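Below is one structure, written out as structure tokens; the observations come after it.
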Amino acid sequence: MSVIMTMAIQGDPEKLEQVASENQEALGAIAGRAKEHGCIAHRFYGSEGRILVVDEWPDAESFQRFFESQRSDIERMMGEIGASGEPDVTFWRKLETHDEIGWD
């Protein structure tokens, strides 16, 4: 069963959107390498002073291999958006609660 990976980062969501818009090719290359490592789904979310990455991966190890192989590119982008501190990475497993809506 796949896992959901969340990565919370202190940073400017608007700056991330600006940097992403100006560097679509570089971000696309990172996303392509994520797919090669098994990434199933990927999105960024923003809130006041915080950025959240939400991915689905086959397992935690697949994400960790990807992240280590791309660490320098990812850290460079994080520096461009003013990210501070270590990212808070958490892996989540789906719980069987029998009340699901919309995730067929």
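The values are calculated or read from the model by the stated rules, or taken from the named source; none is laboratory data. Owing to the predicted nature of the structure, the values given are computational and were not obtained by experimental measurement. Note that each Cβ is placed from the backbone with ideal geometry, even for glycine, and that neighbours are counted across all protein chains shown.
Observations on the model:
- Test result for Ile81, in contact with an Asp or Glu (Cβ under 9 Å, 6 or more places away or on another chain), at negative phi and at pLDDT 95 or above: no
- Residue count for region 36-51 satisfying the condition of being among the small types (Gly, Ala, Ser), part of a strand (DSSP E or B) and in contact with a strand residue (DSSP E or B) (Cβ under 9 Å, 6 or more places away or on another chain): 2.
- All conditions but one from (1) touching a helix residue (DSSP H, G or I) at 6+ places or on another chain (Cβ under 7 Å); (2) not in a strand (DSSP E or B) apply to Arg71; the one that does not is (1).
- The residue pairs whose first member lies in region 75-104 and is farther than 22 Å from Val3 by Cβ and in contact (Cβ under 8 Å) with a residue 60 or more places away in the chain, whose second member is among the small types (Gly, Ala, Ser) and in a loop (DSSP other than H, G, I, E, B), and whose beta carbons are closer than 6 Å, counting only pairs six or more residues apart or on different chains, are Ile81/Gly11; Gly82/Gly11; Ala83/Gly11.
- In summary, Ser72 fulfils each of the numbered conditions (1) surrounded by 15 or more Cβ atoms within 10 Å (Cβ to Cβ); (2) of a type outside the set (Phe, Trp, Tyr); (3) closer than 19 Å to Asn23 by Cβ with the single exception of condition (1).
- Within region 74-93, if we keep just the residues that are in contact with a strand residue (DSSP E or B) (Cβ under 8 Å, 6 or more places away or on another chain) and not in a strand (DSSP E or B), the residue that is nearest to Gly28 (Cα to Cα) turns out to be Met78.
- Among the candidates Ile30, Ile9, residue that is assigned to a strand (DSSP E or B), of a type outside the set (Ser, Thr, Tyr) and surrounded by 13 or more Cβ atoms within 10 Å (Cβ to Cβ): Ile9
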